[in-house]
Amino acid sequence: MSRKLIPLLALALATLLNLTVATDETRKEKSSGQDVVEATVDLISSSKVFPQDYNFLYRLAFVETHFGLAKDTFRNSETKGIWSLREEDYNKTKADPLKEIHAHIKKHFKINWRNTTYRQLNTPIYSGLAARLFLQTVSEDIPQTKVSQSHYWRKYYTQKPNKTGAYFRQEMEILKEKTPSCEPKLDLTTVLEGSGSFGKDGFEKTKALIANWLEAFSNHTDFVRKAFITVSSSRSKTIFNLTSDLRENEMRDKILAVKSSHGGKNSEHEAIESAIDIFEAAPERPGVPRVLTLVMDGLSGAISNSTKNQLQISLRFHDQVYNFNSFDAVAEFLDPMREKVCKVPQDLRNETTEDTLGKNQKRYYGYEVPQDGLTVTLKTTEGGTDGYYSYSYESPSSAIHDGVLSTSTFIPYPNQYSEMPLSEMEMPHVKVYLSVKGTGSTNHYEIQSVPGYVSSFPVIAIVFILIAIVIAIMAGGIIAMIIVMRRRAGEGEREMLIQKPAQVTRGG
């Protein structure tokens, strides 16, 4: 019996397709700001050209130039760009040992790196790639914790005088304060491989990390539903499912009470099967993403090819696996992983969805675009919102988008497909991704899509406009008739005045 297809994700949550967009600030000279840096880092990390950097490239952009907003970021005499790379270090990025990476950059970014110039680092994507290429020339791998990264930054990267690792760590605290919290809507199932391969102490630490991971999300079931499963020796055990009404402390107690078992390895297949059962058993919430987190002992190897194929039931598994060398590194990386989860778009149809966001908080949506296009209405009832859409970027923003959302926005079927000589059955399915950002302290809105083009004017408004036009035309006709009649009457009077003197003259 075939299993129902459901949207699973495995911590690989933002993707970029190799399509052009109408607005791409990452390729504009001297563009700056958090949206630009986030988009640039997304582009680089999702390309898979470089190994995992544990959020270091993003942190570098803030420590070096505050995302390019520092006043000396774009100096006339010395070009450094957002990532503030020295020219001597930029020159190292063209070295022969990096030629394989150069080939991947040319394929993914359409940039021939050997032909670039230092001045081009004024453009975000060039600056980000240059920084990432330079880090590949460093003999030491990028560390996984902030403390280790601060020493690495001081030793290999920065040229800021008198700045120590403590400065880096202080800047990270400032960045954390500036980063808005996110409250995603999702169904989150976490599976722990419990064969005992972690070791006794490691298993206890892993359970504590899982408890912290689940507590990082809202416990309000209107937002996040949580489930926890253990798998070992081809057996699974559900500790709590998505419909449980446990409080946070009760979830933590149940997680910490789990015992490890001995024997059995490579049980990711059973883990996924168990997760699918959990997702299918819970009442479906239309459009709410389903996220699967697999926690496994790295010694058992990477996720197998058969498991990857199984995860393709969602068509959205992007093979993003994080390998950590310490429990401290895992604990520290929970926040970045949570931010990735927050960017999972909700797949919606034509239902009306309403939500409330805090200042600078964002929500992401995905719609399938019919061949006659899609009209999206965004009604803000409290505060303010900014909205963007993109056909290829799952996290559209002011930096990368195909259009801006207004009260009513028509999103056409992409031209590159609509102009192809294909039958209706052959036309590819196209998705559009939307983002809504709160601009006030509290922001409430409603969003809905309708197939085809829908006028932004309500029907009743159109009726009133038509009535007004008719009245205006009728009034104009009456006025015109009066003017003509008056003119004709005036002409008759003038004729009489002219004729009378002539008659008097003739009479004399």
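Couple of notes before you dig in:
- Residue within the stretch 318-326 that is at pLDDT 80 or above, within 30 Å of Arg349 (Cβ to Cβ) and among the acidic types (Asp, Glu) present: no
- Residue pairs meeting the criteria (Cβ under 9 Å; at least 6 apart or on separate chains; first farther than 21 Å from Gln144 by Cβ and assigned by TED's automatic domain parsing to the domain that holds Phe168, in the stretch 35-58; second of a type in the set (Val, Ile, Thr) and part of a loop (DSSP other than H, G, I, E, B)): Val36/Ile82; Thr40/Ile82
- Test: Phe109 is closer than 18 Å to Tyr157 by Cα and modelled with pLDDT of 95 or more: no
- Of all the numbered requirements in (1) over 21 Å from Glu280 (Cα atoms); (2) without any contact (Cβ under 8 Å) to a residue 60 or more places away in the chain, Ser236 misses one, and that requirement is (1).
- Here the stretch 211-253 is the region considered, the condition is being β-branched (Val, Ile, Thr) and outside any strand (DSSP E or B), and the residue that is surrounded by the most Cβ atoms within 10 Å (Cβ to Cβ) is Thr221.
- Scanning the stretch 344-353 for residues that are in contact with a Pro (Cβ under 8 Å, 6 or more places away or on another chain) and surrounded by fewer than 20 Cβ atoms within 10 Å (Cβ to Cβ) yields Asp347, Arg349, Asn350, Glu351.
- Here Ala70 clears all of (1) at pLDDT below 95; (2) surrounded by 18 or more Cβ atoms within 10 Å (Cβ to Cβ); (3) over 22 Å from Tyr152 (Cα atoms) except the condition numbered (2).
- Conditions (1) at pLDDT 95 or above; (2) out of contact with any His (no Cβ under 7 Å at 6 or more places or on another chain); (3) surrounded by fewer than 22 Cβ atoms within 10 Å (Cβ to Cβ); number of the one not met by Phe168: (3)
- Scanning the stretch 257-271 for residues that are surrounded by 12 or more Cβ atoms within 10 Å (Cβ to Cβ) and either assigned to a loop (DSSP other than H, G, I, E, B) or at pLDDT 95 or above (or both) yields Val258, Ser260, Ser261, Gly264, Lys265, Asn266, Ser267.
The values are calculated or read from the model by the stated rules, or taken from the named source; none is laboratory data. Note that this is a predicted model, so its numbers are computed, not measured. Backbone-built Cβ (ideal geometry, glycine too); neighbour counts: all protein chains shown.
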